[in-house]
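Asker: Sharing a structure with you now.
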Amino acid sequence: MKKYAVESTVGIFLVFGLLCVGYMTLKLGHVSLLGDDAYSLFARFTTVSGLRVDSPVNMLGIKVGRVERLTMDQKDQKAVVEIRIQKGVKVYADAIVSIKTEGLIGDMFLNIGPGGSGKLLVPGGTITETQPAVDLVDLVGKYAFGEVKKQ
């Protein structure tokens, strides 16, 4: 009887461990089994240098989503960013998306100015007002070589 108690205990711990590994795999892989709790929006930029897939998307300083995919529109020569936004977060048609950095040399993230036109963007909609990241190296180079004029 003692032999089966030890084997049962080991089996329970093994099943529990496998369930924990499965849960972490789903969470870290951004996989949803019971339905999707986010919707997609698109934004077009002239450049997305430094931005990566899974970069955070913030609105009013709160993380509300992540960058899903970066592609290029060959016809318009624009970078297209697919953004996954949590359901329940409202983004209006006049919202402005800008690429920002965390600190001076930190990672890039998207910041959404929510807008307030009263007309909501539908899932799959495109945010038309965008601002690319400020190129800090270019600014320092212009300042160092005297191309920045004081007013």
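The values are calculated or read from the model by the stated rules, or taken from the named source; none is laboratory data. Just so we're clear, the structure is a prediction, and the values are computed from it rather than from any experiment. Here the Cβ positions follow ideal geometry from the backbone for every residue, glycine too, while neighbour counts run over all protein chains shown. The accessibility values were calculated without ligands, DNA or RNA, using every heavy atom of the protein model including side chains. Shrake-Rupley method; radii C 1.70, N 1.55, O 1.52, S 1.80 Å.
Asker: What number goes with the only condition from (1) at pLDDT 80 or above; (2) closer than 23 Å to ARG52 by Cβ; (3) open to solvent by 40 Å² or more (accessible area, probe 1.4 Å) that ASP135 does not pass?
Answerer: Among (1) at pLDDT 80 or above; (2) closer than 23 Å to ARG52 by Cβ; (3) open to solvent by 40 Å² or more (accessible area, probe 1.4 Å), ASP135 violates only (1).
Asker: Something else about it: Could you check how many residues of the range 4-29 are closer than 23 Å to PRO56 by Cβ and either modelled with pLDDT of 90 or more or of a type in the set (Phe, Trp, Tyr) (or both)? Break it down stepwise before answering.
Answerer: The initial filter retains those residues of the range 4-29 that are closer than 23 Å to PRO56 by Cβ, namely 23-29.
Checking the rest, the ones that are also either modelled with pLDDT of 90 or more or of a type in the set (Phe, Trp, Tyr) (or both) come to 23.
Count: 1.
Asker: Shifting gears a bit: What's the total number of residues in the range 30-60 that are in a loop (DSSP other than H, G, I, E, B), surrounded by fewer than 16 Cβ atoms within 10 Å (Cβ to Cβ), small (Gly, Ala, Ser) and modelled with pLDDT of 90 or more?
Answerer: 0
Asker: Could you please give the count of residues in the range 73-104 that are free of Cβ contacts under 8 Å to residues at least 12 places away in the same chain and open to solvent by 90 Å² or more (accessible area, probe 1.4 Å)?
Answerer: Going through the range 73-104, the residues free of Cβ contacts under 8 Å to residues at least 12 places away in the same chain turn out to be 74-75, 77, 88, 102-103.
From the residues that got through so far, the ones that are open to solvent by 90 Å² or more (accessible area, probe 1.4 Å) too are 74-75, 77, 102.
Residues that pass the stated criteria total 4.
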